[in-house]
1. Only Cα pairs under 8 Å and at least 6 apart count here; give the relative contact order of chain B as a rounded whole percent.
2. List the distances, in nm to one decimal, from the label point of A:Asp187 to the label points of the same position in every other copy, shortest first, placing each label point 7 Å from Cα along the Cα-to-Cβ direction.
3. Using the Cβ atoms and a cut-off under 10 Å, what net charge is assigned to the surroundings of A:Val138, where Lys and Arg are +1 and Asp and Glu are -1?
4. Ratio of chain B's C-alpha Rg to 2.2 N^0.38 Å, to two decimals?
5. Using alpha carbons only, how many angstrom separate the centre of segment A:129-179 from the centre of segment A:188-215?
6. Tell me which B residue has its C-beta closest to the axis rotating B onto A, and the distance in Å?
7. For chain A, set up a Gaussian network in which alpha carbons nearer than 10 Å are linked by springs, and say which option among A:Pro102, A:Pro165, A:Pro137 fluctuates the most.
8. To the nearest 10 square angstrom, what accessible area does B:His70 show with a 1.4 Å probe?
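The values are calculated or read from the model by the stated rules, or taken from the named source; none is laboratory data. Quick caveat: nothing in here was measured; it's all calculated off a predicted structure. Heads up, the Cβs are rebuilt from the backbone with ideal geometry, glycines too, and the neighbour counts pull from every protein chain shown. Note: accessible area is taken over every heavy atom of the protein model, side chains too, but ligands, DNA and RNA are not part of it. Shrake-Rupley method; radii C 1.70, N 1.55, O 1.52, S 1.80 Å.
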There are 2 protein chains.
Amino acid sequence: MSTVWLVDTLGVMNRDVAASKAIAMGRDAEATKRRLLDAATREFAAYGIAGGRVDRIAAEARSNKAQIYHYFGSKDGLFDAVFDAMCRETVDAVPIDPDDLPEYAGRLHDSYVERPWVQRLATWYHLERAGGGALLPVVLDSNAAKVRAVAEAQEAGRLPTRFPPAVLLGLVLHLSGFWSSNVPEYDAVVSDGSAASAAHRREVVVAAVAALLRP
Amino acid sequence: MSTVWLVDTLGVMNRDVAASKAIAMGRDAEATKRRLLDAATREFAAYGIAGGRVDRIAAEARSNKAQIYHYFGSKDGLFDAVFDAMCRETVDAVPIDPDDLPEYAGRLHDSYVERPWVQRLATWYHLERAGGGALLPVVLDSNAAKVRAVAEAQEAGRLPTRFPPAVLLGLVLHLSGFWSSNVPEYDAVVSDGSAASAAHRREVVVAAVAALLRP
DNA sequence: GCGTCTTTACTAACCGGTTGATTAGTAACT
DNA sequence: AGTTACTAATCAACCGGTTAGTAAAGACGC
């Protein structure tokens with residue numbers, strides 16, 4: 001799978017070698033791959049897998065389709081690389097704090113506001129890759145570690161035990177994405193009321209998680 | 001727009017006239033439209049707008065592409081008709097009960113389990129039609145009425161006022177869809193724990209909303 | 001330092017299947 | 001006869017994927 005190949009390459013390659021190869025402008029494999037990944041991230045976030053266009057990605061990256069198929073094998077391979085890279089950048093960006101889940105949810109909310117393509121990519125993945133077999137180990141490991149952290153806090157009495165640890169974590173993650181997962185018809189209803197400001201929206205997420213934890 | 005046209009036609013047409021036209025088997029416009037809409041609902045729910053294939057829809061409906069373009073104008077027009085019909089079937093299927101929002105959320109959860117395509121269609125709509133202009137009046141009206149019901153219950157002291165009415169409604173709706181909006185990596189974490197049974201999952205939704213309302 | 005050889009990054013043009021959409025025409029009912 | 005429901009065949013554009021070929025950068029002998 002091209003995802004594995006990409007990761008191995010980046011991991012094995014010496015930084016100096018990569019740097020020495022990047023001297024001449026306009027002929028840098030790593031830079032080209034980066035541009036293709038960036039362009040593909042925007043394209044897939046906007047249009048999904050089926051709706052994303054390989055030609056647009058190549059053009060926006062100031063490259064061409066053959067490079068995409070050389071580096072990533074296929075359109076699906078390119079999406080795999082995009083999604084895998086996004087997950088690696090995301091899972092550790094907001095470390096969990098089991099002793100202050102409301103703030104944790106607030107920080108997750110912040111990260112979604114700051115990087116809106118994350119939730120869109122995850123949603124496309126959910127819809128277009130459901131039941132598609134291979135789950136990402138990096139995400140599974142991260143989730144397992146978070147569940148463990150919640151479970152320990154529950155056993156120590158620092159968190160309520162009303163929900164099993166995995167469920168509690170899921171509810172927190174789900175509430176964190178509250179403001180970026182509703183249909184436009186709902187946004188229209190809420191936009192001309194209170195909770196229109198960004199600060200207020202963050203407060204809603206924090207308060208909702210806090211309410212979830214109240215004994 | 002074909003959506004409006006469809007609604008007007010169905011609204012104006014006399015039931016007896018429609019029935020008299022449906023005598024001969026194999027040549028019934030309403031039945032053909034129904035089969036096309038049903039097939040299109042399955043297709044779009046599974047693959048989205050960009051991923052959905054008009055040929056597959058025509059074949060599955062035992063019809064042909066020309067009929068689709070005759071009745072619905074375009075692929076997008078067909079999706080509009082599908083989404084509009086789904087919304088009409090859905091908005092009133094689960095009437096809101098401001099005095100028992102946890103049970104309301106439970107019933108919404110039930111409806112999502114029973115008709116999984118509803119959330120998928122809504123998510124495709126959210127992703128592929130974001131900022132696409134025309135919001136559905138039927139959904140806007142339904143939302144506004146629900147917000148009003150929540151607001152009245154709050155003013156009467158039967159609901160906490162921690163959240164504005166529109167926000168509280170949004171949180172309830174959002175929590176109702178908890179189990180059908182997560183990426184497969186999360187499902188994998190929770191599937192081999194407790195909360196694996198359908199009854200337990202419903203309980204989680206009800207309990208989460210109840211926690212939200214606790215003073 | 002110089003010429004050439006090989007490898008690597010890149011490009012443009014193209015291919016074949018697919019897809020949304022059209023059209024001309026047939027069969028059935030009034 | 002006229003209208004309506006339907007069908008088969010076809011089209012032009014599109015799109016994922018391929019291929020043949022170019023040019024730049026390092027390797028190596030001298």
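1. 21 percent.
2. 2.6
3. Around A:Val138, the charge tally is -3.
4. Here the answer is 1.18, to two decimals.
5. One Cα centre to the other: 21 Å.
6. For chain B, the closest residue to the axis carrying it onto A is B:Ala50, 2.
7. A:Pro137
8. Estimated to the nearest 10 Å², B:His70 gives 130 Å².
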